[in-house]
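Below is one structure, written out as structure tokens; the observations come after it.
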Amino acid sequence: MTGIPDKLNIALPDGHQMNHLVPFLEKTGISFNGYEKSQLNRRPILKCLSDQALSLIPDPGQVATKVIRPQDMPSHVANANFDIAVTGTDWCKEHRLRFPGSPVVERLKLGFGKVRIVAAGHKDMGDTLDLFLEKFKAKNPGKPIRIASEYVYIADNYALCNKLYPYRIIMTYGATESLIPEDADLIIENTETGNTLRKNNLDIVDTIMESEGCIIASKESMKIPWKMDLIAAIEALFQSGVKNMFSMNKP
């Protein structure tokens, strides 16, 4: 274990997932002091705000928290830097495709931070994958399809499953939608509303998966009884948050 010894090490997300997790926490009975976008502390402190939370986690000092990027979490959990983390199911899939034998387990889906992982191309190339391929091959006989994405392994798996031969995967670190048409032909990207894609003259040709926030944990941490007790306690509080969220959203 390379996290803080004798503590349950938790990773919380920054960025898009943080925007959804902060209000979600209000429904769980716990908070993390300093976990605010306006004044983010990368090491926020767990606080129990309800009787249920205090009964499940009588000593919040047993928990150490750090805020990192959601896409990095599965690898950190796999390498024992953290016992548990809040990330997205998209990054879990990316990690599992890269490391099929990973010790990371998806424990609980949280129902927030929902996005679609889509394939998108220039609007002049059609709005289905078949149309895109037909037009691309007519314009570029024998040329490989340049597929750009932060999701390198999801993109490669998608290309293989759909037999997009020949193709090349281009790894990106953001602003992927800006690469078409000069530097890429197709992108694999997450989208909440599709507005950014449309602003860049792109059409979605396929939806690969739907993603949402989730809790992941290390199989090795789950073998340690006191850590498993804390993992189960945190999951119970998050599960109550999921129930509260859905009950509030009912008409």
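The values are calculated or read from the model by the stated rules, or taken from the named source; none is laboratory data. Here the structure is a predicted model, which means the values were calculated and not measured. So basically every Cβ, Gly included, is an ideal-geometry build from the backbone, and we count neighbours across all protein chains shown.
Tabulated data for the structure shown
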read-out: Spans of helices (runs of 4 or more DSSP H) in the range 1-104 with at least 1 residues within 16 Å of Ile216 (Cβ to Cβ) and modelled with pLDDT under 95; value: 15-25
read-out: In the range 1-60, residue farthest from Val242 (Cα to Cα) [restricted to those that are of a type in the set (Lys, Arg) and touching a helix residue (DSSP H, G or I) at 6+ places or on another chain (Cβ under 7 Å)]; value: Lys7
read-out: Filtered residue count, the range 101-112, keeping only those that are within 19 Å of Ile10 (Cα to Cα) and in contact with a Gly (Cβ under 8 Å, 6 or more places away or on another chain); value: 3
read-out: Conditions (1) part of a strand (DSSP E or B); (2) touching a Ser or Thr at 6+ places or on another chain (Cβ under 8 Å); number of the one not met by Met228; value: (1)
read-out: So Ser221, is it in contact with a helix residue (DSSP H, G or I) (Cβ under 6 Å, 6 or more places away or on another chain) and farther than 30 Å from Leu54 by Cα; value: no
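One line per residue, one yes/no per condition, for (1) of a type in the set (D, E, K, R); (2) exposed (fewer than 15 other Cβ atoms within 10 Å of the Cβ):
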site: Ile10; (1), (2): no, no
site: Ser38; (1), (2): no, yes
site: Asp59; (1), (2): yes, yes
site: Val67; (1), (2): no, no
site: Val77; (1), (2): no, no
site: Ala85; (1), (2): no, no
